[in-house]
Amino acid sequence: MSDIQDYIKEKILVLDGATGTNLQTLNLEEPDFRGEVFKNWEKPLKGNFDILSITLPQVIAELHEAFLKAGADIIETNTFSANVISMADYDLEDYVYEMNLKAAQLARTLADKYSALTPDKKRFVAGSIGPTNKMASMSPDVNNPAFRSVGFDELLAAYKTQVLALIEGGVDVLLIETVFDTLNAKAALFAIDEINEHRAKKIPIMLSGTITDASGRTLSGQTLEAFLVSTTHIPLMSIGLNCALGAKQLSPYVAELAEKTNLPISFHPNAGLPNSLGHYDQTAEEMAQQIDTFLSHSRVNIVGGCCGTSPEHIAAIAKVVEKHNSK
């Protein structure tokens with residue numbers, strides 16, 4: 001058994017935790033982001049974590065390795081914002097392919113290393129595809145509701161570039177995550193579908209939306225059922241929810257999703273809700289307990305962490321998952 005789609009039929013898989021919030025704790029400065037390649041770049045690069053796969057790959061490797069040691073079955077590439085639309089803020093559009101390629105190759109090397117160390121526990125790489133920093137279905141200008149900051153064709157082209165690089169870098173699955181605008185996600189799905197048409201072996205797709213508040217809707221206003229209907233015309237490996245809320249708050253919506261589809265379900269919440277300073281205070285034990293309670297009565301196939309989740313959180317979640325897998 002070697003394919004990730006086979007594994008999720010047999011047991012619950014553990015996804016890794018946050019990239020951004022863990023890298024923020026390192027307090028990296030402008031020279032760290034620039035490295036030698038971008039030493040004389042005209043725009044500030046501090047805070048552009050995706051560029052670190054080129055300029056400071058050892059830091060990304062250490063984070064991947066920490067999650068693998070914690071028990072993650074799937075690690076995500078450091079590519080959440082590595083698309084030409086988001087990178088336009090830094091004038092780095094021409095480096096997007098390299099960012100994705102190097103991030104995927106880095107994660108692939110470490111996943112293979114840990115698969116070799118534990119032959120009974122294969123590790124997988126998910127190519128992380130974020131929503132970009134623009135919305136296709138809503139106007140950013142309250143005085144001009146018809147205005148759009150990005151079009152479908154522009155999104156499609158951006159996602160194709162990212163997807164091709166991730167596949168070349170050796171990812172096992174593509175994860176379209178933190179979906180707040182389903183039209184953006186549909187562009188990503190369409191891009192992958194078009195690429196899959198020309199491949200001998202189609203790459204699997206994970207899709208993960210985000211619920212913004214207690215209304216149970218995405219930022220663009222869709223209910224979970226509408227989200228399902230408007231995306232599952234493309235064959236998916238799994239569908240789920242991540243970000244925005246902690247495990248306790250997000251659990252009812254994940255359960256609702258599981259009731260409305262037979263697809264495998266993924267669930268990677270934040271470490272609780274952020275405090276007044278934007279930090280996440282929920283301990284690994286508290287988060288794991290909430291996930292344990294949820295897994296006891298709901299169907300989930302992939303579980304991990306989003307914002308605020310450290311390797312310690314993933315280690316605690318992995319212990320809970322191991323208990324449920326042994327039942």
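Mean residue ellipticity at 222 nm, helices only, the chain: -13500 deg cm²/dmol; runs of at least 4 DSSP H residues each add -39,500 (n - 2.57), and the sum is divided by the number of residues.
Sort the stretch 1-133 into rounded, prolate or oblate with this rule: let a ≥ b ≥ c be the square roots of the eigenvalues of the Cα gyration tensor; rounded if a/c is under 1.5, and if a/c is not under 1.5, prolate when a/b is larger than b/c, oblate otherwise. Verdict is prolate for the stretch 1-133. The ellipsoid that matches the Cα gyration tensor of the stretch 62-115 has semi-axes, each √(5λ) in whole angstrom, of 26, 10, 7, with the longest given first. Sorting Lys248, Lys319, Lys201 from the fewest to the most surrounding beta carbons within 10 angstrom yields Lys201, Lys319, Lys248.
Among rounded, prolate and oblate, which fits the stretch 59-207 when a ≥ b ≥ c are the square roots of the eigenvalues of its C-alpha gyration tensor, a/c under 1.5 means rounded, and a/b larger than b/c means prolate? Verdict is prolate for the stretch 59-207.
Here each label is just a point 7 Å from Cα along the line to Cβ, and for Asp120 and Asp141 those points are 6.2 nm apart. Cβ-to-Cβ counts within 10 Å put Cys307, Cys243 in ascending order as Cys243, Cys307, the fewest first. One Cα centroid belongs to the stretch 124-162, the other to the stretch 28-77; the line between them spans 24 Å.
Taking the Cβ-Cβ separation of Glu36 and Thr293 as r and a Förster radius of 51 Å, what is the calculated FRET efficiency to the nearest 0.05? Computed FRET efficiency for Glu36 and Thr293 comes out at 0.55.
Of the DSSP H helices in the chain, those that are both long (alpha-carbon extent of 30 Å or more along the helix axis) and hydrophobic (Kyte-Doolittle mean at least -1.0) are 96-117.
Computed over the stretch 4-325, relative contact order equals 20 percent, with contacts defined as Cα pairs under 8 Å that lie 6+ residues apart.
Listed by Cβ neighbour count within 10 Å, with the fewest neighbours leading, Val254, Val320 appear as Val320, Val254.
Dividing the mean sequence gap of close Cα pairs (under 8 Å, 6+ apart) by how many residues the stretch 176-327 holds gives a relative contact order of 19 percent.
Quick note: the coordinates plus some simple rules give every number you see, no bench work behind them. Computed from a prediction, not measured in an experiment: that's the story for all the values here. Neighbour counts run over all protein chains shown; Cβ positions are idealised from the backbone, glycine included.
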